[in-house]
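The block underneath contains the structure these notes are about, expressed in structure tokens.
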There are 4 protein chains.
Amino acid sequence: MSFNSFGRVFRFTTWGESHGPALGAVVDGCPPGLSLDEADIQPWLDKRRPGTSRFTTQRQEPDRVRILSGVFEGRTTGTPISLMIENVDQRSKDYSEVALAYRPGHADYAYDAKYGFRDYRGGGRSSARETAARVAAGAVARAVIPEVRIRAYLVELGGDAIDRAAFDDAEIDRNPFFCPDTAAAARWEEIVDGARKAGSSVGAIVECVADGLPAGWGAPLYAKLDSELAAACMSINAVKGVEIGDGFDAARLTGETNADPMRPGPDGKPIFLANHAGGVAGGISTGQPLVLRVALKPTSSILTPVETIGRDGQAADIRTKGRHDPCVGIRAAPVVEAMVALVLADQKLLHRAQCG
Amino acid sequence: MSFNSFGRVFRFTTWGESHGPALGAVVDGCPPGLSLDEADIQPWLDKRRPGTSRFTTQRQEPDRVRILSGVFEGRTTGTPISLMIENVDQRSKDYSEVALAYRPGHADYAYDAKYGFRDYRGGGRSSARETAARVAAGAVARAVIPEVRIRAYLVELGGDAIDRAAFDDAEIDRNPFFCPDTAAAARWEEIVDGARKAGSSVGAIVECVADGLPAGWGAPLYAKLDSELAAACMSINAVKGVEIGDGFDAARLTGETNADPMRPGPDGKPIFLANHAGGVAGGISTGQPLVLRVALKPTSSILTPVETIGRDGQAADIRTKGRHDPCVGIRAAPVVEAMVALVLADQKLLHRAQCG
Amino acid sequence: MSFNSFGRVFRFTTWGESHGPALGAVVDGCPPGLSLDEADIQPWLDKRRPGTSRFTTQRQEPDRVRILSGVFEGRTTGTPISLMIENVDQRSKDYSEVALAYRPGHADYAYDAKYGFRDYRGGGRSSARETAARVAAGAVARAVIPEVRIRAYLVELGGDAIDRAAFDDAEIDRNPFFCPDTAAAARWEEIVDGARKAGSSVGAIVECVADGLPAGWGAPLYAKLDSELAAACMSINAVKGVEIGDGFDAARLTGETNADPMRPGPDGKPIFLANHAGGVAGGISTGQPLVLRVALKPTSSILTPVETIGRDGQAADIRTKGRHDPCVGIRAAPVVEAMVALVLADQKLLHRAQCG
Amino acid sequence: MSFNSFGRVFRFTTWGESHGPALGAVVDGCPPGLSLDEADIQPWLDKRRPGTSRFTTQRQEPDRVRILSGVFEGRTTGTPISLMIENVDQRSKDYSEVALAYRPGHADYAYDAKYGFRDYRGGGRSSARETAARVAAGAVARAVIPEVRIRAYLVELGGDAIDRAAFDDAEIDRNPFFCPDTAAAARWEEIVDGARKAGSSVGAIVECVADGLPAGWGAPLYAKLDSELAAACMSINAVKGVEIGDGFDAARLTGETNADPMRPGPDGKPIFLANHAGGVAGGISTGQPLVLRVALKPTSSILTPVETIGRDGQAADIRTKGRHDPCVGIRAAPVVEAMVALVLADQKLLHRAQCG
């Protein structure tokens, strides 16, 4: 079952702590013969890499990935692909205070309650630094599903939503927020700068769309495509909500307004007249674009002091110094993309297993 | 891995179709020596049973559960517990039209795309009737976690939300909507009656709170408590969104307003001054109440005609006759409770496995 | 993970005790569209059925299988196939003595040590009666691998081996021992009769050959075909050893005498000049016949008294009365066949998943 | 499910090829707080290390293990433990011939049949070099089961068996064969020298005994202790047979001679008067020593030419040059020990999960 693995046939396991020597992923079940080298993985890591703008943590990590196994002469062999990323800029001294008191909103107290002690350096295993391993594994997953195009972007930051009418796909990679709305991106600069200067932080909502997947991926009942996606996204640090298609808004529709009517299409497949369902019905893809959104809470590491208790049980106030993202939602966009890729690669193979 | 199983140590598998002779669940990994008989399970099934008010489907099913294995002299033996519920009121003739055309919002088209054909009688395997098996399995799970109290109720129906100030726990079981607000329950009668008479349907939001679980259940990273809960809830029919604690609203808070400050408590455990996190941090329970919400779309089976296509690819209009819940969200409340119980039972055993 | 499930994509779960109302299997992951009804399963159960000759237990069980789900209009739907067999001839009164003392060689003491108590009636869950569920599931597996022919037969009984030169495939179904050697079958009548009359029992060795599977099924390293087969066979009651190809004898060969040399074959595939490997290399099928053998200990239930202790810790002597197979190895042959079919069906789907 | 992982709660994944830059294991589910550092692992790797006597391959590998995660301040944290061993002495040039023709007895042909191509350098993933990762993971497992002592040794080599009367536990570590019989060890020197000089190889039988495990580990039916052990051992390179307790010889006993009678012991636990069962009944440990044996075929890599075919389908003769163990069974002893430790650690945690 594994606590640190995900997937059924295409399955990955991650390892590593924020301030250990390295972190990595082992990808198992990858089909053989796919073209893959480190240059296929690195660009995705670069998208998630810290320190690329003033709106993310200033920790300097090159995040260079090495492929240690499973690839021979530029192609996957079908055996486990071991991916490793060395940690370079650990600065453990920043974290001494954390050893003694619990940061509210962080896993500190829960880890101690569970394990009796914890690697407190930079959050240890609970650090979002682990998501680098997901992104690397996700790049392998993309090689399994070349027919699918996945795009994640922010639709809201600090409570400020994009204007859907101003949606511009090309804009997403032009600003440091993965924001598809130029005007919103400009406003978000101020919001994030303001939060950082105030020693505060803000939340965000990431939307992800996957095009090109055929009808038929997913499976009833506990391997439903949407169920797997929900698990995958909820496992990302700071995520507190996941919705598919219209999601929570669907609860406010009626049977007629929520229906996605179908008409005959040119190639025998249906044309859907709406996509309230977000591309999934009964846990199985319908051939429409897959649409999901995840809500990320504001970064819990803030300079503003918060009431807490120490390991000794005594009252304390804690300010989380060090280098932190004022909005973890920003760098979550490439992680959501990776998780969606990982789920879809797995579902493609699973579908092939059962239905040939 | 199993498509139709859920859980890691405490694990259940369900089987059965809406119009087959029976449906059931096999519960594996249950600890031995727990007191259990059919009378412990039946009341939970009765809560979910159809036909108990005019606000749910009029299909008449007694939903009598039989324990076929795994219990000896009133106690669980540690071996698989097989639970079976016979289908009584199938009326297959109601569903002939469904065989030929796809009902929008249902799994009909996706199943055909995946499997090449489907058991179209009452939705076959994709029918919410399967959730009876979950509720039965959930009753077994409750025996594993006597320290936990789980309550699910509706906080919104047809876009009409309860008044939190009027929340009354005792009210939940007094109305047919599992609604904790007397006034809202009265309004909802009209909403559901109106939808039914209009040949329409409405959505709902179910909230679930679990008290009594200790800090330390759950595990990084892909067995996180919230990740498991998200998968479990998203696997329920008609669910389109899941959120933990403040969920999507957390994305609109700041680091300070989202913090759950801690103060020393009388027994060495912390007192939390807020519960924005919903009882989970880093995927592990904090000892606070677990709080989650799920969004359910309006029933897709409506009398109002919807544009669709047939199996022959031709355009058609479909009205879904038969006996349907005008709001599937109502009967989902006991199902959400069951899924939460199933996840918590599993997490309790997993925690014991790793941490003694 | 499940204690009572086996398989990865094609996966089955069994439930039921010797003296409960019924036993069964849930088969998950079966491809859709396969022709299947109860008449396809019953003949395999009939081969394993007790009471068909004087050489097996006289318990009278019709072992009628019912398909409760997963099949529609004579074809598998891709959803879980629930199979149930009712217990008819339980005679619980035979087993009262077993409640108080541990039968050496049986699971009685180990179950009590593990679970604190046990369903002592007929061995409860540890009874070989559970293998009926395997045989039923195995019949479904056969539908997944029509290209494979599987034959299990006894090559040794009570220490008396067949003469390989006298091997006659047609003989296997003509005698009550699944013995391919007419003369040996005659001798075994006397051996089994002798054991039964003496209140004793004998062991046996079952060999199983599977023809028709292509090269390429199986996978390194912990899903090796031979590793899965070993697990599957060792899970059968009374099995104490498993070997593939030459097995233990291979340890006495040299590199040259153990080699299976290859020559070019007519269709581009190799012709192997020997099959010491038993059809598996590196955990993957080579396209040669799969050959394995399992060793079954003598039935532990014997009339001859054996020294033991009671649940009260006191010394006791126990004679196991009731209706028992004097050689459990005989009825194990159809069970070994079923387990091989179940492993191969799973491996076929797994191979398809990863390698298209 | 993972092709390259093993275990249920305590679960490890291995990666790496013979001639890649490194190999390793990720151990997941390890309890927190156990004392562990590299010095605890290295001695076990040193036992398996090549090049330590003239009776093993002359490949020079220091096999230095690094712990990359999961340990903090000398204790396990409960998060994944990543173990890495760099390959130093790859000499890829030795293996050019293997790229073009299939070595009988090796996985070459099966890998090509499955994956379409393979990493032919030193056998790639199918090389026994992978077992270094198992031994490293096994050392972690030992920390989980301090109550258990595991000893593996050779009882037969090249068809020459030890004299049980001369069994001397202390002798096992004094000779290069893990042989408990001084006289046999002397004879085996000649056998192995002879095989090497003749360009041949020999097989062996390894026995493994585990003392100290309590009654109650293991679980019916598909997680049986013996079933897990069989899978674990059969997954080791060159293993062709596994038996528990009397194994295949049990098939030649009678119910009386195979019984392990019980008498009351001083502490309320039974004293067993024999151990034909090898410490397992019904798939659950009885508290007696666990005893198993595995058969290893002779090394398939031999200098003597063997008939084969090339990738081009043409007839060829192949001599496997390079540095090979003349008896792979020797270095398998520490690997069997490791696999037994890994299974027992997992079963201990599983038992704790279900039975407290």
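Brief remarks on what is shown
- The local environment of B:ASP112, defined by Cβ-Cβ distances under 10 Å, has a net charge of +2 under the rule Lys, Arg +1 and Asp, Glu -1.
- 3J(HN,Hα) from dihedral phi, the stretch C:64-78, Karplus parametrisation 6.51/-1.76/1.60, rounded to Hz, x for glycine, proline: 7, 8, 10, 8, 9, 6, x, 10, 9, 6, x, 10, 5, 9, x
- Total formal charge among the other residues, if their Cβ is under 12 angstrom from that of B:ASP211, Lys/Arg +1 and Asp/Glu -1: 0
- One way to sum up the overall shape of the stretch C:5-355 is the equivalent ellipsoid from its Cα gyration tensor, whose semi-axes run 34, 26, 19 Å, largest first.
- Separation of the stretch C:314-356 and the stretch C:63-83, taken as the distance between their Cα centroids, equals 22 angstrom.
- Per-residue mean of C-beta atoms belonging to partner chains within 10 Å, peptide D:123-130: 4
- Modelled FRET efficiency - R0 41 Å, A:PHE117 with B:THR182, Cβ distances, 0.05 increments: 0.25
- Axis of helix D:328-355 versus longest Cα principal axis of chain D: the two differ by about 40°, to the nearest ten degrees.
- Peptides D:13-20, D:35-42, C:28-35, B:56-63 ranked from most to least packed, by the mean per-residue count of other Cβ atoms within 10 Å: D:13-20, C:28-35, B:56-63, D:35-42.
- Each Cα pair under 8 Å and six or more residues apart adds its separation to the average, and for chain D the resulting relative contact order is 22 percent.
- Charge context of D:TRP15, other residues only, Cβ under 11 angstrom, K/R +1, D/E -1: -2
- Ordering of B:187-193, A:166-172, A:227-233 by burial proxy (mean other Cβ atoms within 10 Å per residue, highest first): A:227-233, B:187-193, A:166-172
- For peptide C:159-168, the mean count of partner chain Cβ atoms within 10 Å of a residue's Cβ comes to 1.
- Highest mean packing first, where packing is the average number of other Cβ atoms within 10 Å per residue, the peptides D:267-275, B:138-146 line up as B:138-146, D:267-275.
- Pair-distance distribution P(r) for the stretch C:261-318, from all Cα-Cα distances in 10 Å bins starting at 0: 17, 26, 12, 10, 17, 11, 6 percent.
- Only Lys, Arg (+1) and Asp, Glu (-1) charged, at Cβ; the protein assembly as shown dipole about Cα centre in debye: 0
- Nearest-ten-degree value, helix A:131-144 long axis tilted from longest Cα axis of chain A: 20
- Approximate spin-label separation D:ARG66-A:ARG319, in nm, with each point projected 7 Å along Cα-to-Cβ: 3.8
- Inter-chain neighbour count for D:195-208: the average number of beta-carbon atoms from partner chains within 10 Å of each residue's beta-carbon is 3.
- Cα extents of the protein assembly as shown along the three principal axes, largest first (Å): 83, 69, 65
- Förster-model FRET efficiency, 51 Å R0, A:ARG174 and A:GLU97, C-beta, rounded to 0.05: 0.85
- Cα-based helix-to-principal-axis angle, B:182-197 vs chain B, degrees rounded to 10: 20
- Distance between the modelled labels on B:ASP37 and B:ASP160, one decimal in nanometres: 4.3 nm (7 Å Cα→Cβ projection).
- Among the listed pairs B:LYS114/C:LYS224; C:LYS224/C:LYS348; B:LYS114/B:LYS240; A:LYS197/A:LYS321; A:LYS224/C:LYS224, those beyond 24 Å (Cα-Cα): B:LYS114/C:LYS224; A:LYS224/C:LYS224
Read-outs: derived from the displayed coordinates by stated rules, not from any lab. Everything numeric in this text was worked out from a predicted model, so none of it was measured. Note: ideal-geometry Cβ built from the backbone for every residue, glycine included; neighbour counts use all protein chains shown.
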